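Here the structure is laid out as structure tokens; the discussion comes afterwards.
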Amino acid sequence: MSTTSAPAGRALPPDQAADAPDPRRWKALVFIALAQLMVVLDATIVNIALPTAQQDLGITDGNRQWVITAYALAFGGLLLFGGRISDLWGRKRTFLTGLVGFALASALGGAADSQALMLGARALQGVFGALLAPAALSLLAVTFTDVRERAKAFGVYGAIAGAGGAIGLLLGGVLTEYLNWRWTFFVNIPIAAIAFIGAYLLIREPARARNSAPLDIPGVVLSTTGLVSLVYGFTRAETHGWSDSLTVGSFVAAGALLLAFVLVERRVAAPLLPLRVLTDRNRGGVYLSLGLAVIAMFGLFLFLTYYLQVVQGYSPVRTGFAFLPMSAGMIIGSTQIGARLMTRVPPRLLLGPGFLAAAVGMLLLTRLEVGSAYASVVLPAQVLLGLGLGTAFMPAMSMATHGIAPRDAGVASAMVNTSQQVGGAIGTALLNTIAASATASYLATHAATGEAVRRVQAEAMVAGFTQAIWWAVGILAVAAALAVTLVTAGRPGGPAAASGDARDKGAGEQAEAAPVAVHLG
């Protein structure tokens, strides 16, 4: 669908001005949110089922990580491509295609009878997830343009994005313990079917919101290979160490490929990722602070899961229930704090305090001991973490796409998911390495024999967790500082925000009307 153009220097009317608000948009939000929940759940739901699936399919210990890695590489590597396809092909069409593909890949994974089929299914889930996630967020960005409505819609989305991982741990435990590990895959099929029917009937994509520029093939190749190398480097570091030659080679290759990608994007007429999306101070601050927060959050999921199951002896289902307070906190923080205050205060006054509250919650977890009571340590920490992250995630999701020209909504949305995906890979690898090193040091200085061995091993594991959690506290503090420093946008709908939006849209429109001047400048 083509867009109207105007001579360089003349401001075009906003793309969405010609479209009256869709009366079905709130019903459509339900199905967009449902699809997003499915993608977020899949990041953690398989983790609890992995030991059983490994035994049934004969997956070796050396290859079991690939059940997680195959999904992460495909999803993280193709997100920018998926976002651009969404802009080019249309968000609704991309969204529906992603749902169908994700459901089929899930069916393949649930029916897998071999290691190869399982890994292939996980990679396919990642491919279609990379289409689905940016399409879902960009649909919200172009559908909800009123400030108050946008706050409510992104409150729901932020709650799902934050709490979905913890809910996945619970659902994975229930399905694995009471049904079969295969249902951690099969459960996606009815979810996708319901979301598809609802989205097909209710979603109406605003007119003139597509970007019909030709696809930037060099950008696709460089960004995909660069992001895959980056995610793989962090994933490999977790199992093979940071000095491993292939780990180092992956990071070097990622740096070279992503640098080449930036150089190409500065020169091509229709870039895969217009650099104006990244160079906006507010969006850049959101991407950085959000990525750092996800590093801490993914480390928390990993350590608390092991602490509750291995040290405290919880069952998978009980472990899942133990994460519910954090999920509830995220939902409350996003919908009742973030959404209500977003139209009244500048975003940094939600982002900064939100990340700081999460840091305090993480700080409480440094008190973990082998015999710590859940109610006195883990529970209050989870509540603070949930409230803080939920309050911060909601304006972060909204700010990442606020004021963006509709034709760039897909790639801006993809950058949100990319920062989360890369942050998750870094968090798992970096914090796990710190924990493992601290555990080894503890064991080296606390020799034990007989019955005391098990106790010392548990103490060493907890010592490793708390050492890594201290790093997570610092990372969240840095995220808060970056958010307060870089995100300078005013209250949505206020004078500062309005002028910033006009400046952003004006830059985008001039770029479209006079690409040569921008790209040569």
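The peptide list 147-153, 349-355, put in order of mean Cβ contacts within 10 Å with the highest first, becomes 349-355, 147-153.
Taking θ as phi - 60° and the Karplus parameters 6.51, -1.76 and 1.60, the scalar couplings of segment 312-323 work out to 8, x, 6, 6, x, 5, 5, 4, x, 5, 5, 8 Hz in sequence order, x denoting glycine and proline.
Say R0 is 56 Å: what FRET efficiency, to the nearest 0.05, do residue 379 and residue 266 get from their beta-carbon distance? Once the sixth-power term is evaluated, E becomes 0.65. The listed peptides 246-254, 99-107, ordered by packing as a protection proxy, come out as 99-107, 246-254 (highest mean of other Cβ atoms within 10 Å first).
No lab work stands behind these numbers, since they all come straight from the coordinates. Only a predicted model underlies this, so the values are computations on that prediction, with no experimental measurement involved. Ideal geometry is used to build each Cβ from the backbone, glycine not excepted, and the neighbour counts take in all protein chains shown.
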